[in-house]
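Written out below as structure tokens is the structure these notes cover.
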Amino acid sequence: MNLSSSALPALRGEGNLAIYLREIRKFPMLDANEEYILAKAWKEYGDIEAAHKLVTSHLRLVARVAMGYRGYGLPISELIAEGNLGMMQAVKRFDPDRGFRLSTYSLWWIKAAMHEYILRSWSLVKIGTTAAQKKLFFNLRRLKRDMRAMDDGDLSPEQVTRIAKQLVVGEDEVLSMNGRLLGGDQSLNAPMSSDGQSGEWQDWLVDEHENQEIKLGDEQENKRRQKLLARAMQGLNPREREIIIARRLSDNPSTLEELSQKHSISRERIRQIEVRAFEKLQESIKREALKEEPTHTSNLPR
């Protein structure tokens, strides 16, 4: 059985917020015993009506949490809608036998849903991907407010150090996030001019990353070489294979003396085996590479 947001009071636009808040006050709050009975009915028997009562009795909690995120400039109606989805997830997973109230358990789900919506919608560029970056994003405004630094553009070195220690992140991450929060999104098509030439902002952006086509080509070539080497190694006998790996293919190559003691032969003999094995590898790789080369003669005009 599935819970559905369509069964909840609808909130359409910011203008109807007051009406929505009045409407959700009509749903009764539950005492601990009522909540336990309803939660058991949902968990053990899939009672949709019981689950609906659990959700609607906590809609005021969702709205209250949403009000705390007004500073991000996103529609409260959307925050509430996302929080209601989180509330439904909480009801689905709530275990009344663990001894705590649904409001305590659901608070995490409500905030998690709102956080994901804010990160998804606040900026066209993803703000943070790691847990530390998300923590920084959602706590930086609060810490700046506590320091009475909300109206300041750049943070002072002392403020940066204090925030970084409190949130256990690097000072450079604090500076970067503060700049992104202050700067907002800008269009790549914004008009710009430089040295008498006009164009769009994207025309002056330089991609310092490695060319993806070159990178892909290098990766494919490396894979090809590894396959050729693996095939060529099959043409060596076990002793040749072991010596060539120890001498030419290891991060810490073995010495002739070490291999000489291991195989109970002279160092000169080890050197000869290594040279011969290397020559066999080269010959085999050349043969295999020639087989892979495409023949174009059939496509030449007659």
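Bear in mind these aren't lab numbers, they're just calculated from the coordinates by the rules spelled out. Here the structure is a predicted model, which means the values were calculated and not measured. Using ideal geometry, Cβ is built from the backbone for each residue, glycine included, and neighbour counts are taken over all protein chains shown.
Would you order K53, K135 from fewest to most other beta-carbon atoms within 10 Å of each residue's own beta-carbon?
Working: K53 21, K135 14.
Ranking K53, K135 by Cβ neighbours within 10 Å, fewest first, gives K135, K53.
Give K53/K135; K227/K262; K227/K286; K111/K144; K53/K111 a once-over and call out the pairs whose C-alpha atoms are over 24 Å from each other. Please report the intermediate quantities before stating the final value.
Values: K53/K135 33 Å; K227/K262 29 Å; K227/K286 13 Å; K111/K144 21 Å; K53/K111 21 Å.
Beyond 24 Å: K53/K135; K227/K262.
Rank the residues L8, L249, L228 as a footprinting-exposure proxy: fewest other Cβ atoms within 10 Å of their Cβ go first.
Working: L8 22, L249 12, L228 19.
By the 10 Å Cβ count, ascending, the order reads L249, L228, L8.
Neighbour counts of other C-beta atoms within 10 Å: give me K40, K223 arranged from fewest to most. Kindly include the intermediate steps, with their values, before the conclusion.
Numbers: K40 15, K223 10.
Fewest-to-most ranking of K40, K223: K223, K40.
Assigning unit charges at the beta carbon (Lys, Arg +1; Asp, Glu -1) and nothing else, what dipole magnitude in debye, to the nearest 20, does the stretch 5-121 show about its Cα centre? Write down the numbers at each step before the final one.
Working: 16 positive and 13 negative charges, 57 e Å.
Using only the charged Cβ atoms, the result is roughly 280 debye.
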